[in-house]
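First comes the structure, then the notes that go with it.
The values are calculated or read from the model by the stated rules, or taken from the named source; none is laboratory data. This structure is a prediction, so every number in the text was calculated from the model and none was measured. Every residue, glycine as well, gets a Cβ built from its backbone with ideal geometry; the counts of neighbours run over all protein chains shown. Side chains included, ligands, DNA and RNA excluded: accessible areas come from the protein's heavy atoms. Shrake-Rupley method; radii C 1.70, N 1.55, O 1.52, S 1.80 Å.
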Amino acid sequence: MSSKPQGKPPLEPSTSWGRYIHDRLRVLDINRQILATRLGVSPATVTRLLNRRVAAKTINVSVLCEILQLRGDARDLFLNLLKDGLIPSRAGHAGRATQASAGAGPVTGDARDSWRPHGAGLTILRSAGPGFDSHYATMELCALALNGHQDPATLLRTFQRSHSAIEAASESGWIRATDPALLEIRMRSGMLLAALQEMTLGWWSARPSIADNAYGIIAEDVVPRLHPSRHADERSELLRTEALRLNLRRAVLLREGKMHSDADDLLAGMARNLRMDQIGYAPADAVLIVAYNAQRIHTLAARNLLEQWQRELKRARDAIAFAPVSHTERARLHAILDYAQGVGAKRFMWYSQNSVGIRTQRAEEAYTMLRDLRQGRFGARATHDINLYHSSVPLFYMEPELECSEIDALIWIDPRAAFEQAMALLARAQRLYPTLIGKIEQQVDLSLERLGMQEAQKLEARRAWRADHAGERLPQAR
């Protein structure tokens, strides 16, 4: 065991990748004093390293990778993150506390917490188990890279190798299929793989298959073998919560693939596992309960059952209004229903295409609700909450999805404005959220069609827009 340094405990790192190094040291039972000695620097330099205030030339990154025992994909990911994290070594500027020009800046607040392995089932057993340490490191670094605006398609290709190795270990039998360490890493690996697939694969076309593939394998082959304790402890709660989120997410994807009856069956079997009458007394379940209700409500909209949709939406809002939760939590829960109301109104808009007046009314209701939600405090959070995205997916990835829903309604109100907004969103989604590209392309096409353009005119309109915005730095997600 390493000896503990004397004096005050060191401050927690203020950056997410510094926190990763800190946690990695803890797993390896190495304190900062030992790290400083092995790197040949002072303990104060190590503290600056964890807080993004050290020049690149100060640290031997190869030695750092060896100390942290990062190899293969994990090492490559770490070096890529570190490249954008350290202060560049430039003459006269090596010690200046500026951010690397290619970096995305330190991740703080909600964005940092969204990848942290707490509260959403990302970490269940907290121990790597035999032979899995490098895969755990790769998972953590992939989640961290998402917070650094790294391309999810590239991360998917990188992580696929680790996931395949984990599944091969499960099938080979060199470790028991019921071993807790194997079950944990299979669950975590499958959830991260599914999250990366959802951000990359085509909307409507390829994404629904994730429900049966990545999520289906976890739900049918992993979750039944994870045996929570009979006593209420942290691990048991994480297992229960993760299983609930997994099945709710599966229902979302099934409905996206127009498999409404399968989605309904999945939701119907979940009510008994949610503490539905304890919204104010089980904070961990509050978001899940409201998201569950929102998904049931949206199923009514998908079936064009307007009166039932309105009735259930009011009932869900009343439950939140009288729940003994904080003002902030109440606002967050209402935002989930705002999203459900906005996309529900949009659904009824599509059903009213033969009645121009009603269609316009529904479009205006949907657009106003979704625009206000996106511009408000909880827009990205509500998109994350209602869709039950995994905790590894940062909030800033949610904004393009919410804006895409908003444009759906705007097309029927102001097609010219919808075209402009969709083209700008398309430019951002190319790298940030590629799953939306096909969907936005259809929005652009429909907007131009609504303006009365033929195919040749549509191509010219796209070309003209790109020429007008060439070299322009388009707004990024907040």
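With a cut-off of at most 10 other beta carbons within 10 Å, and DSSP calling the residue loop, which trypsin sites (Lys or Arg not before Pro) in region 434-473 qualify? Please list them.
The qualifying sites are ARG473.
Taking 0.36 nm per residue of sequence separation and subtracting the Cα-Cα distance, how much length would be gained by fully extending the chain between VAL356 and GLU171, in nm to one decimal?
The span from VAL356 to GLU171 would gain 60.9 nm if fully extended.
From the cross-link list LYS83/LYS439; LYS314/LYS346; LYS258/LYS346; LYS258/LYS439, which pairs have alpha carbons spaced over 24 Å apart?
As for pairs spanning more than 24 Å Cα to Cα, those are LYS83/LYS439.
If packing is taken as the mean number of other Cβ atoms within 10 Å per residue, what is the order of 359-365, 349-355, highest first?
Order by mean packing, descending: 359-365, 349-355.
Please list ASP73, ASP318 from largest to smallest accessible area, probe radius 1.4 Å, with all protein chains kept in place.
So the residues, ranked largest to smallest area, are ASP318, ASP73.
Please state, rounded to one decimal and in Å, the Kirkwood hydrodynamic radius that region 390-468 gives when every pair of distinct Cα atoms enters the mean of 1/r.
By the Kirkwood definition, the hydrodynamic radius is 12.9 Å.
Nothing charged except the Cβ atoms of Lys and Arg (+1) and of Asp and Glu (-1): what's the magnitude of the dipole of region 354-394 about its Cα centre? Round to the nearest 20 debye.
Magnitude of the dipole: close to 60 debye.
Could you grab the Rg to Rh ratio for region 340-478? Cα atoms only, Kirkwood for Rh.
Here Rg/Rh amounts to 0.98.
Enter the accessible area per residue of region 396-451 (Å², integer; probe 1.4 Å; all protein chains in place).
28
Using a basic spin-label model with each label point 7 Å from the Cα along Cα→Cβ, how many nm lie between ALA467 and THR37?
Here the modelled spin labels are 6.8 nm apart.
Hey, how many Å between the Cα centroid of region 297-324 and the Cα centroid of region 35-66?
Using only Cα atoms, the two centres lie 55 Å from each other.
How big is the accessible area of ARG53 in square angstrom, nearest 10, if you roll a 1.4 angstrom probe over the protein chains?
Accessible area, nearest 10 Å²: 120 Å².
Among VAL444, PHE419, SER391, flag the residue with its Cα farthest along the positive direction of the charge dipole of region 371-474, charges on Cβ as +1 for Lys/Arg and -1 for Asp/Glu.
Working it through, the farthest residue towards the positive pole turns out to be SER391.
What ranking of ASP285, ASP414 comes out by heavy-atom accessible area, probe 1.4 Å, highest first?
So the residues, ranked largest to smallest area, are ASP414, ASP285.
In region 363-478, carbon and sulfur make up what percent of the accessible area (probe 1.4 Å)?
Within region 363-478, the accessible surface is 48 percent carbon and sulfur.
Taking the simple approach of a point 7 Å from Cα along Cα-to-Cβ for both GLN69 and THR368, what is their distance in nm?
6.0
Post the alpha-carbon centroid distance, region 143-209 to region 361-414, in whole angstrom.
27
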